[in-house]
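Undergrad: Have a look at this one before I ask anything.
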Amino acid sequence: MTDTTTAPPVATGPTVPPPQRPKRRLGDVIFSRLSSGSGFLILIILAAVAAFLLVQAFPALVSSPEVLKTKGYGEFWSWVLPFAFGTVWSSLWALILAVPVSIGIALFITHYAPRRLARTLGYIIDLLAAVPSVVFGLWGTMTLAPATQPVYQWLNTYLGFIPLFGGEASGTGRTLLTAAIVLAVMILPIITSLCREVFLQTPRLHEEAALALGATRWETIKLAVLPYGRAGTVAAVMLGLGRALGETMAVAMVLSGNQVINFRLLTSDNPNTVAAMIAQNFPEASGIRINELIAAGLVLFVITLIINSIARLIISRYSEFSGAN
Amino acid sequence: MKITKASLALTAALALSLTACAANEGTKTTASTGGLSGTLAGKGSSAMSAAQKQWITDFQTKNTGVTVNYSPDGSGAGRDGFTSGAVAFGASDRPFNDSEMGVGKFAKCAADSNALNLPVYISPIAVVFNVTGVDKLNLDAATTAGIFSGAIKTWNDPKIVALNPGVTLPAANITAVHRSDDSGTTDNFTDWLNANAATVWTNAHSGTWPAAYAGEAAKGTAGVVDTVTKGQNTIGYVDDSAAAKLGKASIKVGDAFVQPTAEGAAKMVDASAQVAGRAANDLAFKLSRTTAGTYPLALVSYALVCQQYKAASDATLVKAYIGYIASADGQASAAKSALAAPLSSALQAKVKTAVDSIK
Amino acid sequence: MSIQTSPAVNHLTANQLPRWTPWAVLGGCLLVAAALSGPMFGGFNLAGVAFVGVLAFLVVMHVLATVVEGRRKATDRLLTHLVAGAFCLALIPLVSLLFETLAKGLPRFDVRFFTYSMRNVVSDGGGAIHALYGTLYVAGFASVVSIPIGLMTAIYLAEYGRGPLAKAITFFVDVMTGIPSIVAGLFAYALMSVLFGPGTIMGFSGSIALSVLMIPVIVRSVEELLRLVPNELREAAYALGVPKWRTIVQVVLPTAISGIVSGIILSIARIIGETAPLMIAAGFTASLNNNPFANPMMTLPVFVYDQYAYPGVEREFFDQRAWTGALTLILLVMLLNLIGRLIASRFAPKTGR
């Protein structure tokens, strides 16, 4: 894995005088320039986005709390904190719900389902990725929320002593848990599809060796498939998390979000997410309010940056063990 | 790999080469009626969206050479879009305030011209409810404020019972639904609460829901209607045009309880005073929320235009389009399809004078 | 590992449950749950019965298998059931959603919907041809911009990348995946305002917003897949004297092609349903616009949102059009998937699986 890039183009011994072509071929030069050029272009695009964000957010970040307060928005950091919390909290629950299911589905498709069916089953799961977020929003408010409301009521009545399920159960079902379920369904196909590819890449020999030692199917998976695919799985989960953190429309439509910090999952008083809050307020915003909302976008940006950095650390630690060779 | 790229390129090329057309859109070569042509862009209030759709349809049918695009992005977007010159007219649920007005501040307007705020759309806001076994409900501002601030928690609270003799109210919890997005509807609703029950509703009016008051939040008018309809023992506030199938509370004005009506809302505007210190043709109002004999819980949207445009083509189209909107025909059309309250004939005349003065 | 075999029985099938056992146990548990549904839920409740029944099945089956087959086999069985259960669980929202969309979208899934725009339509009738073309233009241009950039960057990272530039790109691609879609829209809007004057709204601006979202998804998935291509293949090619770029194009890419195509298609699926950025960058219009470089352009997701969020007085017609638009969008992405998969399966190397 780490040494994929070190392959020398021509293998010549050091003692042999170089034949005719130690110089790089034209095709190679063009190709490598093209690829590094597009990498560079990405940096430029991102710099442009970041510059825009920073410049636009700057007035809200530096203006004094009093200025913001007179406009009725409150001091910036205490204002944005509940939304940042809501973003992380809802995405966390989405991951808790989606990751085991996704890995299960990926294993089912790659290692359990009849081989002839596998492709079709994978396709069925990918269908979920075909559903636009607006439709998830519609489905979440119109179908899922009313359907889950009695379950929440039940959980609240009988398990209400657990702080997570405490408080006063929502009368409409548009709770943080519902939003997390919708988010989980939305990130499921992404995680599943990547995990599937990763699990399929497990060397056949590793698996056959485990089976030859008398391991059951699950033991084979535990010994050969999962460790091999760990880095890929973490990457897939992080990609899913990225989507969950930034999801706008579905959360905006499903969640009954307010400006609070609240760990409870079943009430109608939930922390809103940053992305949904921006979408809900941007159209009516003007003046410094726009700067404030963009600054909130910047906060979201920073959150994803931190989480992605952590993910990178995890991946680089595991990649030493996996290795394509 | 090449195949993928090639097929994508092919798809794109195909999409481009197809002479896309829509069955209901005539080819532009046919002689246009009405003598006008061009594209007019407007942006703003989403409350006005349904009415704008109707007006655009009427206007485009009469003037086939014109395309009017209205983006219901929100009032803030409308004000900014008009100020920055992105659109030729804006639409906002409140007039420009004094600090936003000013000669030369507007990109589409001539250097020595100010903007005009013209009221063109009045719509009553209904307090809607969905309570088991209740089909009529009376509320006053103080009780409504109590419900929406969370002070009154159940339907059989003595304060609600006192206003509704003879109605059996359930002992159920109230789910009060408010807008999660920044909106003119919330702004007008909270203004009414604050004007009539300042001791209970202590926050000044604002387009965003005050963070101190919890409750169920839903996105947009459609979201509030859906939540109130799907939920149990719910109450919310929406534009009257969207409230068709829900119970509407009668609100207390003076000594009487009144249902939302178009006439009541129009009367409220007539009873309001114009904002002082504006040009003769600027028709910004400071709405009166307490006058008896009116329905004071209503929203007034303004068309934001220039007194004098830089480009004559903009002026011609805006005059024709806004002129139609404010005419008796335009108001009647919106009243029919969007259940808006038509401007009173006196106000119509004032707006007409203002539109005629646009250059 | 204490597999205690009793000395009396010595057949090959000893200590093994018959093949029909899981089905029988599942059926039994569901029946019992249904019978007990009255006292438990106060009336028949399909979701409740399914939940309790399946839970009971897992427990009963595990106990049964532990007793008869031993701990290792029982764990294997439990995991098999859990994994299959995960798949079935994911089907619930999918089926519910598709059913809802079909039931509400089919009534207006007619010729008029695909030939009419919304120009001069205020209640019944009208269609989404303008939005359909808009989506094709916007997504098409976004793909044309993103696929080459994304693919080449992924190749750079997986095959060439070393040193600070590659590290920086990897890091910033990660950052880019975190850009909220609405911010991408704002960026495109601001860029167009700078380039072409304030408030320039056009289809291509939407494409730019979508590209910002699409590029990192492509880079991440393609890079991950390229890294999984065994080094032996590359080394074999180098040993034959094949230049590096031809090794990449003719050995590395074909090996990973199925994953790459599926990654690209998922990225299109990811962006084609984006609403927030297109609302800002490409705008609203009721009429057909065939020029992606001027004037607002309607797209299908925005059409769906517009119909749902800003209905006229007769709301049912608007809701119908919203669901039909959603159905169309889903079918469109399914079609894309199908094409991609056909390509993938035709060009994928034999992997033995």
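Read-outs: derived from the displayed coordinates by stated rules, not from any lab. Note that the coordinates shown come from a computational prediction; the quantities given were computed from them, not determined experimentally. Every residue, glycine as well, gets a Cβ built from its backbone with ideal geometry; the counts of neighbours run over all protein chains shown.
Undergrad: Extending each Cα 7 Å along its Cβ direction at C:Thr66 and B:Gln274, get the distance between those two points in nm, one decimal.
TA: In this crude label model, C:Thr66 to B:Gln274 measures out at 8.5 nm.
Undergrad: Looking at the protein assembly as shown, send over the antiparallel percent of its DSSP beta bridges, to the nearest 5.
TA: Bridges in the protein assembly as shown that DSSP calls antiparallel: roughly 60 percent.
Undergrad: Please arrange B:Lys153, B:Lys252 by how many other C-beta atoms lie within 10 Å of their C-beta, fewest to most.
TA: Fewest-to-most ranking of B:Lys153, B:Lys252: B:Lys153, B:Lys252.
Undergrad: Counting alpha carbon pairs within less than 8 Å and at least 6 residues apart, what relative contact order, in whole percent, applies to the range B:54-117? Let's see the in-between values first.
TA: Working: 56 pairs, mean separation 14.4, N = 64.
Across the range B:54-117, relative contact order equals 22 percent.
Undergrad: Turning to a different aspect of this structure: Which value in deg cm²/dmol, rounded to the nearest 500, describes the helix-derived mean residue ellipticity at 222 nm for chain B, given -39,500 (n - 2.57) per DSSP H run of n ≥ 4 and division by the residue count?
TA: After summing the helix terms and dividing by residue count, I get -11000 deg cm²/dmol.
Undergrad: Let me ask something additional. Please turn the phi angles of the range B:127-140 into ³J(HN,Hα) values with the Karplus equation 6.51 cos²θ - 1.76 cosθ + 1.60 (θ = phi - 60°), one per residue in order, whole Hz, x for glycine and proline.
TA: 8, 9, 9, 9, 10, 4, x, 10, 10, 10, 9, 10, 9, 10
Undergrad: Still on this model: Hey, what did the range A:77-320 get for relative contact order, percent, Cα under 8 Å, at least 6 apart?
TA: Here the relative contact order equals 30 percent.
Undergrad: By how many degrees, 0 to 90 and rounded to 10, does the Cα axis of helix C:46-69 deviate from the longest principal axis of chain C?
TA: Helix C:46-69 sits roughly 40 degrees off the main axis of chain C.
Undergrad: Follow-up question, since we're still on this one. For a quick check: sort C:Arg315, C:Arg246, B:Arg278 by the number of other beta carbons within 10 angstrom, fewest at the front.
TA: C:Arg246, B:Arg278, C:Arg315
Undergrad: Taking every Cα atom in the range B:125-264, find the radius of gyration and the maximum pairwise distance Dmax, and write them in Å.
TA: Rg and Dmax of the range B:125-264, Cα atoms, are 13.6, 38 Å.
Undergrad: Can you pull out the chymotrypsin sites (Phe, Trp or Tyr not before Pro) in the range C:81-147 whose DSSP state is coil and whose Cβ has at most 14 other Cβ atoms within 10 Å?
TA: Sparse-neighbourhood loop chymotrypsin sites (Phe, Trp or Tyr not before Pro): none present.
Undergrad: Can you give the Rg to Rh ratio for the range C:114-347, taking only C-alpha atoms and Rh from Kirkwood?
TA: Ratio of gyration radius to Kirkwood radius: 1.06.
Undergrad: Follow-up. Please rank C:Met279, A:Met253, fewest neighbouring Cβ atoms within 10 Å first, as an exposure proxy.
TA: On the way: C:Met279 25, A:Met253 32.
Lowest to highest Cβ neighbour count: C:Met279, A:Met253.
Undergrad: Could you list which residues have their amide H under 5 Å from that of B:Phe285, counting only those 5 or more apart in sequence or on another chain, with H placed in the peptide plane?
TA: B:Val275
Undergrad: Scan the range A:149-212 for chymotrypsin sites (Phe, Trp or Tyr not before Pro) in coil per DSSP, keeping those whose Cβ has at most 13 other Cβ atoms within 10 Å, and list them by number. Show your work: numbers first, answer last.
TA: Numbers: sites: A:Tyr152, A:Trp154, A:Tyr158, A:Phe161, A:Phe165, A:Phe199; in loops: A:Phe161.
In loop regions of the range A:149-212 (DSSP not H, G, I, E or B), the sparsely surrounded chymotrypsin sites (Phe, Trp or Tyr not before Pro) are A:Phe161.
Undergrad: Where Rh is the Kirkwood radius over the Cα pairs of the range C:152-269, the temperature 25 °C and the viscosity 0.890 mPa s, what D in µm²/s does Stokes-Einstein return?
TA: In µm²/s, the coefficient is 153.
Undergrad: Kirkwood hydrodynamic radius of the range A:77-320 from all distinct Cα pairs, in Å?
TA: Values: mean 1/r = 0.0514 Å⁻¹.
Hydrodynamic radius (Kirkwood, Cα pairs) of the range A:77-320 is 19.5 Å.
Undergrad: What dipole magnitude, in Debye to the nearest 20, does the range B:125-264 give about its Cα centre under +1 on Lys/Arg Cβ and -1 on Asp/Glu Cβ?
TA: Approximately 380 debye in magnitude.
Undergrad: Calculate the translational D of chain B in whole µm² s⁻¹ from Stokes-Einstein, where the hydrodynamic radius comes from the Kirkwood formula applied to all Cα pairs, the temperature is 10 °C and the viscosity 1.306 mPa s.
TA: Values: Rh = 22.0 Å.
This corresponds to a translational diffusion coefficient of 72 µm²/s.
Undergrad: Remind me, what semi-axes does the range B:49-175 give for its equivalent ellipsoid, largest first in whole Å, using sqrt of 5 times each Cα gyration tensor eigenvalue?
TA: Value: 45, 20, 11 Å, ordered largest first.
Undergrad: Which value in deg cm²/dmol, rounded to the nearest 500, describes the helix-derived mean residue ellipticity at 222 nm for chain A, given -39,500 (n - 2.57) per DSSP H run of n ≥ 4 and division by the residue count?
TA: Computed ellipticity for chain A at 222 nm equals -22000 deg cm²/dmol.
Undergrad: Working from Cα positions, state the angle (0 to 90°, nearest 10) between the long axis of helix B:220-230 and the longest principal axis of chain B.
TA: Approximately 40 degrees, to the nearest ten.
Undergrad: Counting only helical runs of four or more DSSP H residues, what would the 222 nm mean residue ellipticity of chain C come to if each run contributes -39,500 (n - 2.57) and the total is spread over all its residues? Please list the in-between numbers first.
TA: Values: 13 runs with 246 residues, N = 353.
Estimated from H runs of four or more residues: -24000 deg cm²/dmol.
Undergrad: Longer than 30 Å from Cα to Cα, which of A:Lys222/C:Lys167; B:Lys230/B:Lys286; B:Lys108/B:Lys267; B:Lys267/B:Lys319; B:Lys136/B:Lys336 are they? Say none if no pair is.
TA: Check vs 30 Å cut-off fails for A:Lys222/C:Lys167; B:Lys230/B:Lys286; B:Lys108/B:Lys267.
Undergrad: Taking the 0 to 90 degree range and rounding to the nearest ten, how far is the long axis of helix C:163-177 tilted relative to the main principal axis of chain C, both from C-alpha atoms?
TA: 90
Undergrad: Something else: How many Cβ atoms of partner chains, on average, are near each residue of A:164-171 if near means within 10 Å of its Cβ?
TA: If you average over the peptide's residues, the count of other-chain Cβ atoms is 3.
Undergrad: Take the protein assembly as shown, drop everything but the C-alpha atoms, weight them equally and run the Debye formula without solvent; then report log10 I(q)/I(0) at 0.06, 0.07, 0.09 Å⁻¹ to two decimals.
TA: -0.49, -0.66, -1.04
Undergrad: How long are the three semi-axes of the equivalent ellipsoid of the range C:7-108, in whole Å, if each is the root of 5 times an eigenvalue of the C-alpha gyration tensor, listed from largest down?
TA: 35, 18, 10
Undergrad: Also, quick follow-up: Would you kindly enumerate the cysteines in the protein assembly as shown that have no other Cys beta-carbon under 4.7 Å from their beta-carbon?
TA: Here A:Cys195, B:Cys21, C:Cys29, C:Cys88 come out as lacking a disulfide-compatible partner, given the Cβ-Cβ threshold of under 4.7 Å.
Undergrad: From largest to smallest, what semi-axes in whole angstrom does the range A:94-219 give when each is the square root of 5 times an eigenvalue of its alpha carbon gyration tensor?
TA: Each semi-axis is the square root of five times an eigenvalue, giving 36, 19, 10 Å.
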